[in-house]
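Single-structure report; data block below.
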Amino acid sequence: MSTLKPMPIPAAVRISGLQHHFGRGSLRRQVLHDITLAIWPGEIVLLTGPSGSGKTTLLTLIGGLRHGQCGSVMVLGRQLIGCNDRQLSQARREHGYIFQAHNLHRSLTALQNVRMALEVRGDHDRTTMDRRAAQMLEQVDLAPQIHSYPDQLSGGQKQRVAVARALVHNPPLVLADEPTAALDTRSGREVVSRMQQLAREQHSTILLVTHDNRILDIADRVLIMEDGHLREEVRSADTSVRSTTP
């Protein structure tokens, strides 16, 4: 009697042989060297390392914010290397992106900033979008501030609006670039804890670039970028740490 084997779960992100450089000729500088990486659905992965090591470059390639040059970058089943601008724009709609400086529109309220993430998708009417945006702001403890403008919010509150905007359409993948960089310890912890909670509830995958050693404990895995090379920090049961290549 034959038994059916379970189908393998595809990686949310699968990268192989990724190279990237800036400049040409004598000004050419290699920033990513033969990156290989797999991130699985539901994982929370932190990417850390020195400034200028290539972390943000890798994140923007995964996020479809720049064109890849060489190798393979599969994100949510879509090959991003070789995509044109329109195809990259379509790919970006499938995930949530949280910027270091929150990138809120100063002329829009918190509700309107979050609603924008739904408007670009065009899947819902205005009433539904307003309701979903308000519910997400309530989930990040900003119900009293839904009609406040960014200049009326603290740094931590602005970043929580950015988290709500990134998660309001239930993305399978969330990318975050230094979301705690401008926050104090308490605000930073609140932001990443809320990200962790909501991502778990929505079964999202998170890749978060950070210099913040205070939040490493939220991660399933920690990746380290040094001079454009990627390695993984593996934690054993006794919390000791060793490094290996992915």
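Just a few scattered comments:
- Being of a type in the set (Ser, Thr, Tyr) and closer than 13 Å to Ala110 by Cα is a property that holds for Ser154.
Yes/no per residue for (1) assigned to a helix (DSSP H, G or I); (2) surrounded by fewer than 21 Cβ atoms within 10 Å (Cβ to Cβ); (3) in contact (Cβ under 8 Å) with a residue 60 or more places away in the chain:
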| residue | (1), (2), (3) |
| --- | --- |
| Ile9 | no, yes, no |
| Arg14 | no, yes, yes |
| Gln30 | no, yes, yes |
| Ile35 | no, no, yes |
| Gly42 | no, yes, yes |
| Leu46 | no, no, yes |
| Ser53 | no, yes, yes |
| Leu61 | yes, no, no |
| Arg66 | no, yes, no |
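Residue-wise test of (1) closer than 30 Å to Ser51 by Cβ; (2) in contact (Cβ under 8 Å) with a residue 12 or more places away in the chain; (3) not charged (D, E, K, R).
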residue	(1), (2), (3)
Ser107	no, yes, yes
Arg115	no, yes, no
Arg121	no, yes, no
Gln139	no, yes, yes
Pro144	no, no, yes
Pro150	yes, yes, yes
Val163	yes, yes, yes
Ala166	yes, yes, yes
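- Condition met for Gln197 (at pLDDT 90 or above and either in a helix (DSSP H, G or I) or crowded, with 18+ Cβ neighbours inside 10 Å (or both)): no
- Tally of residues being part of a loop (DSSP other than H, G, I, E, B) and within 14 Å of the chain's Cα centre (by Cα) across the stretch 180-194: 1
- Looking only at residues of the stretch 209-246 that are part of a strand (DSSP E or B) and of a type in the set (Val, Ile, Thr), we find that the one that is modelled with the lowest pLDDT is Val241.
- Set side by side, the residues Gly49, Gly96 differ, and just one is in contact with a Pro (Cβ under 7 Å, 6 or more places away or on another chain) and closer than 19 Å to Leu208 by Cα, which is Gly96.
- Test for Arg78: is it in contact (Cβ under 8 Å) with a residue 24 or more places away in the chain and surrounded by fewer than 20 Cβ atoms within 10 Å (Cβ to Cβ): no
- For Asp212, the stated conditions hold: it is more than 14 Å from the chain's Cα centre (by Cα), surrounded by 18 or more Cβ atoms within 10 Å (Cβ to Cβ) and within 24 Å of Ile35 (Cα to Cα).
The values are calculated or read from the model by the stated rules, or taken from the named source; none is laboratory data. Everything numeric in this text was worked out from a predicted model, so none of it was measured. Backbone-built Cβ (ideal geometry, glycine too); neighbour counts: all protein chains shown.
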